[in-house]
1. Does the stretch 264-272 include one or more residues that are on the phi > 0 side of the Ramachandran plot and surrounded by fewer than 16 Cβ atoms within 10 Å (Cβ to Cβ)?
2. Pairs only if they're at least six apart or on different chains, beta carbon under 8 angstrom, first in the stretch 79-107 and without any contact (Cβ under 8 Å) to a residue 40 or more places away in the chain, second in a helix (DSSP H, G or I) and aliphatic (A, V, I, L, M); list them, first residue then second.
3. Within the set of pairs 6+ apart or on separate chains, which have a first residue in the stretch 138-162 that is more than 26 Å from residue 178 (Cβ to Cβ), a second that is surrounded by fewer than 17 Cβ atoms within 10 Å (Cβ to Cβ) and of a type in the set (Gly, Ala, Ser), and C-beta atoms under 7 Å apart?
4. Checking the conditions here, which among 253, 205, 249 is of a type in the set (D, E, K, R), surrounded by 14 or more Cβ atoms within 10 Å (Cβ to Cβ), closer than 20 Å to residue 146 by Cβ and not assigned by TED's automatic domain parsing to the domain that holds residue 120?
5. Before we move on, is residue 78 surrounded by fewer than 16 Cβ atoms within 10 Å (Cβ to Cβ), under 30 Å from residue 298 (Cβ atoms) and assigned by TED's automatic domain parsing to the domain that holds residue 22?
6. Do we have residue 142 as of a type outside the set (S, T, N, Q), surrounded by 21 or more Cβ atoms within 10 Å (Cβ to Cβ) and not in a loop (DSSP other than H, G, I, E, B) here?
7. Output yes when any residue across the stretch 292-305 is without any contact (Cβ under 8 Å) to a residue 40 or more places away in the chain and over 21 Å from the mean Cα position of the chain (by Cα), and no when none is.
Amino acid sequence: MKICIFGAGAIGGYIGVKLARAGADVSLVARGPHLAAMRDRGLTLIEEDADPVTVAVRASADPAELGPQDYVIVTLKAHSVPAVVGAMQPLIGAGTTIVSGVNGVPWWYFHRIGGDLEGTRLESVDPGNAQWDGFGPDRVLGCVVYPAAEVIEPGMIRHIEGNRFSLGEPDGSKSGRALALSQALTAAGLKAPVRSNLRDEIWVKLWGNLSFNPISALTHATLDVLCTEPGTRAVARLMMLEAQAIAEKLGVKFPIDVDRRIDGGAAVGAHRTSMLQDLDAGRPMEIDALVGSVQELGRLTSTPTPAIDIVLALIQLRGRTAGLYG
C-alpha cells in the first residue's frame, strides 16, 4: 500500500511520522525550508510524555517524483487545494483514493447523498469545479481530522492533542478501501474509525469552526474568553443555531446541543484558533470553507443566516485589509 501525504505541514507531518514508524510505504509532498529540513535531517515528532522521534522520510516538492499512489491524503488548507489539482495528477492512478482531510464543508458533500441536491457543486469550496472534475467524486474518501499539531521549526512537529481521523464513504458504506486505510492508520497508533454517518461528524466540528474561528480573528480573543464572554458567546450561539437549521434540513443529526458544544470550546482553554493564528502569521485565511460554505448552503436550503452573513462580511473585509483573502 502506497500512501502519499499531500501538504505535509503539522497534521500531514504527524500522520507521516506515525505511518513511517509503522513501516508503511509513505511519501510526503512539501516545500520550502520544511522540505529541505526533512531531506537533510528527517522529520521529527514531539509528543507529550515521550522522547522526540526522528524518521527518515521520502519527501518531494514534485509529485511526479513519487508516482501513482493507492491513497493520497490531502491535508492542505481548503483554499489551497483547487490550485494544485493539476500538480497532483502524477499521484493518481486507476485505483487511487483521494482522502479529503480538509476543514469545513467538503467539496464532495453532495456526492451520493441522494435527494434533490444530489450532485450539487459548491462554488465556495471548489471554485470552477476544480476538484470535482480534476479528482472525480468517486475517488474520494471523507476524513474528519481531530488532532492538533504545529510545526515549531522546519522539519519538527509538536503534537498537541488528539489522534482520531474518522473515515467515511460519501454513500455511508464500509468499503474495502476505507477499512484498509483504517487498518493502516490503526497499525500506526492512530484511531481511524469508519463511520456510516460521517456528515454528522463534519457538522459537529464545523459548528465550532464556523463561529469560533472568525470571532476569534475579529476580536483576537482565545477560546476560553469568546465562549464565556456574554456578547461573543451570544453571537457564536446564533451562528451555530443557523447552521444547525441548515444541517437538519440536509438530514444531519446533532448528538449534543449548542450550549454543550460552546462549553466544550471553553474547556479547551486559552487556545488561539487556526484563523487567528493565520491572521497573526500573515497566512491566507480559511474563510470560505469554514463560513462562506455555510452561507452557500443556507441559500441552497432557503434558510436565513443573518448572523452568519454579518460575521462573514466582517471577516472577509478583515482578511482583505490584511491582504490574506482574495
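1. yes
2. 90/64
3. Qualifying pairs under 7 Å: 154/36; 160/148.
4. 205
5. no
6. yes
7. yes
So that you can scan it fast, the table gives a plain yes or no per residue for (1) part of a helix (DSSP H, G or I); (2) in contact (Cβ under 8 Å) with a residue 60 or more places away in the chain; (3) under 28 Å from residue 112 (Cβ atoms); (4) among the β-branched types (Val, Ile, Thr):
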| position | (1), (2), (3), (4) |
| --- | --- |
| 183 | yes, no, yes, no |
| 186 | yes, no, yes, yes |
| 206 | yes, yes, yes, no |
| 215 | yes, yes, no, yes |
| 237 | yes, no, no, no |
| 240 | yes, no, yes, no |
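The values are calculated or read from the model by the stated rules, or taken from the named source; none is laboratory data. These numbers were taken from a predicted model, which means no experiment stands behind them. FYI the Cβ positions are ideal-geometry reconstructions off the backbone, even for glycines, and counts take in every protein chain you see.
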